[in-house]
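J.: The structure is given below, and queries will be raised subsequently.
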Amino acid sequence: MADAAAPAAISAVRPTRRYIQVALLVARIVLGCIFLYAAYTKLHYAGAWHLRDYHFLFAFGINSYEMLSFDNALLLARVLPWVEVALGLLLVSGLWLRWVGSITTVLLIVFMYALARAATQGLAINCGCFGNQSTSPAKELVLDSLFLLTTVAVTVGAFLSRRDDRVSIPPTL
């Protein structure tokens, strides 16, 4: 009697686990697309690509947080969109998910700290999160909170999965 109940219990667990895996896959891809879109809005605006001069306008947005010197804001403005592209592509592809999820989590915490600081200081700024389409720091903080929860779920799922992150190379003959 106990032997008949075991397969039923196992089959009841498998669909739930499968749903969780699918939900984490969808969350990971959506999060990667959000990071790619965030980078796109910083690099492409006013109907044209600005690969050589994007950092000037974005640096002014970063500088409005009043946290960094303008030179450091300019450096961050040059690097951040490309970091977002890399994280977005890696999230979508699923490569090195433990590392990428951990880095994305830390990056979102830094973003949220800057947004919370701007909101508490009452700075009326365009946060620059999504280029010129960004809203107030308080509204972007709510969005980043949702992104952070999603990232934590994806990262925890990556650490709990038994699959190896490395790309498997088929043996040659």
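Nothing in this text is a laboratory measurement; each read-out follows from the coordinates by a stated rule. What you see is a predicted model, and the numbers here were worked out from it, not measured in a lab. Here the Cβ is made from the backbone with ideal geometry for all residues, glycine too, and neighbour counts use every protein chain on show.
J.: Pull up all non-local amide H partners of residue 45: gap of 5 or more, or a different chain, and H-to-H distance under 5 Å with H placed in the peptide plane.
T.: Excluding prolines and chain starts, which carry no amide H, the hits are 50.
J.: Classify region 46-92 from the C-alpha gyration tensor, please: rounded if a/c falls under 1.5, else prolate or oblate depending on whether a/b exceeds b/c.
T.: Oblate.
J.: How big is the Kirkwood radius of region 75-127, worked out from every pair of different alpha carbons and given in Å to one decimal?
T.: Details: mean 1/r = 0.0802 Å⁻¹.
Taking every pair of different Cα atoms in region 75-127, averaging 1/r and inverting gives 12.5 Å.
J.: Let me ask something else about it. With a ≥ b ≥ c the root eigenvalues of the C-alpha gyration tensor of region 43-136, is it rounded (a/c under 1.5), prolate (a/b larger than b/c) or oblate?
T.: Judged from the Cα gyration tensor, region 43-136 comes out oblate (a/c at least 1.5, b/c at or above a/b).
J.: How much length, in nm to one decimal, is gained on full extension between residue 146 and residue 82, taken as 0.36 nm per residue of separation minus their Cα-Cα distance?
T.: Gain on extension, residue 146 to residue 82, equals 20.8 nm.
J.: Let me ask you something else. Packing-wise, with mean Cβ within 10 Å as the measure, how do 85-92, 35-42 rank, highest first?
T.: 35-42, 85-92
J.: Let me ask something else about it. Starting from the amide H of residue 127, placed 1.01 Å from N in the peptide plane, find each other amide H under 5 Å away whose residue is 5 or more places distant or on another chain.
T.: The list, which skips near neighbours in sequence, is 135.
J.: Which of 28, 98 comes first, and how do the rest follow, when ranked by fewest Cβ neighbours within 10 Å?
T.: Least crowded to most crowded, the residues run 98, 28.
J.: Residue 16 to residue 56: extension gain in nm, 0.36 nm per residue of separation minus the Cα-Cα distance? Mind showing how you got there, number by number?
T.: Values: separation 40, 0.36 × 40 = 14.40 nm, distance 4.87 nm.
Using 0.36 nm per residue and subtracting the Cα-Cα distance, I get 9.5 nm.
J.: How high is the FRET efficiency from residue 139 to residue 96, r the C-beta distance, R0 30 Å, rounded to 0.05? All intermediate terms of the calculation are to be shown ahead of the outcome.
T.: Numbers: r = 32 Å, r/R0 = 1.06.
After rounding to 0.05, the efficiency reads 0.40.
J.: Per residue of region 26-36, in order, report the coupling 6.51 cos²θ - 1.76 cosθ + 1.60 (Karplus, θ = phi - 60°) as ³J(HN,Hα) in whole Hz, putting x for Gly and Pro.
T.: Working through the residues one at a time gives 5, 4, 5, 5, 4, 4, x, 5, 5, 5, 5 Hz.
J.: Please work out the FRET efficiency for the pair residue 159 and residue 121, using the Cβ-Cβ distance as r and a Förster radius of 45 Å; give the result to the nearest 0.05. The partial results should precede the final answer.
T.: On the way: r = 36 Å, r/R0 = 0.80.
For R0 = 45 Å, the calculated efficiency reads 0.80.
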